[in-house]
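Heads up, the thing below is written out as structure tokens.
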Amino acid sequence: MAADLVNRLIREPSGTPTAAVLADILAIDPPSVAKLDVDDAPGFVALAHRLDTVFDSLRRGDLDAAATELNALLASHSAHPHLAKENGEWRMHHHPADAAVLPMWTSICSENLARLIGAGESARIGTCAGSGCERVFLDESKNASRRFCSTTCNNRARSAAYRRRHTRR
Ligand SMILES: [Zn+2]
């Protein structure tokens with residue numbers, strides 16, 4: 001979600017209206033889409049900019065700046081752990097079902113990035129190594145070895161390296 005916001009609202013905007021892009025990103029959580037208001041769009045763009053600085057700090061190796069920015073986001077958007085009964089079972093949620101969508105996602109995105117940093121896993125918060133590509137990603141691979149945003153960028157880099165090897169002869 002954090003990477004999606006940064007990629008689709010800032011690093012690679014498609015020209016599609018922000019509200020439509022947001023509805024598409026939030027589709028992973030249908031209740032959020034239902035609660036999304038057109039007035040939320042500027043707030044999500046602002047959030048995307050702040051998350052963008054976190055990814056950018058980490059790309060530059062400035063862990064302190066990333067942590068400071070995340071702390072500021074966390075301080076202004078606290079979590080509201082909440083038990084909700086579903087099909088007779090109490091389940092833990094990050095927020096109550098009626099929580100406003102922007103503060104809730106600000107809190108979730110910041111907390112998840114902060115948890116990675118706190119676990120010494122900041123290398124998993126990545127920027128694509130593809131030439132000309134600025135897209136960001138969260139590396140969920142087993143050995144944290146991901147370097148590209150997509151297989152497209154990976155393949156492009158691989159064939160460029162192949163061409164370099166073969167033109168050098
Ligand atoms: Zn890429």
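Please treat every number below as a calculation from the coordinates, not as lab data. What you see is a predicted model; the values in this text were computed from it and never measured. Note that we place each Cβ from the backbone using ideal geometry, even for glycine, and neighbour counts take in every protein chain shown.
A compact table of results
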| item | result |
| --- | --- |
| Euclidean distance of C-alpha centroids, segment 1-22 and segment 149-169, integer Å | 28 Å |
| In sequence order, calculated HN-Hα J values of segment 154-164 (Karplus, 6.51, -1.76, 1.60; Hz; x Gly/Pro) | 4, 5, 4, 5, 5, 6, 5, 5, 4, 5, 4 |
| Net dipole in debye of the chain [+1 Lys, Arg Cβ; -1 Asp, Glu Cβ; about Cα centre; nearest 20] | 1560 debye |
| Selection of trypsin sites (Lys or Arg not before Pro), segment 1-66, meeting DSSP coil and at most 14 other Cβ within 10 Å | Arg60 |
| Orientation-averaged projected area, Cα convex hull of segment 24-111 (nm²) | 6.5 nm² |
| Unpaired by the 4.7 Å Cβ criterion, cysteines found in the chain | Cys109, Cys153 |
| Shape metrics for the chain, restricted to C-alpha atoms - Rg then Dmax, Å | 18.2, 70 |
| Contact order relative to length of the chain, as percent, for alpha carbon pairs under 8 angstrom and 6 or more apart | 19 percent |
| Contact order relative to length of segment 84-169, as percent, for alpha carbon pairs under 8 angstrom and 6 or more apart | 16 percent |
| Likely footprinting exposure, Ser32, Ser76, fewest C-beta neighbours within 10 Å first | Ser76, Ser32 |
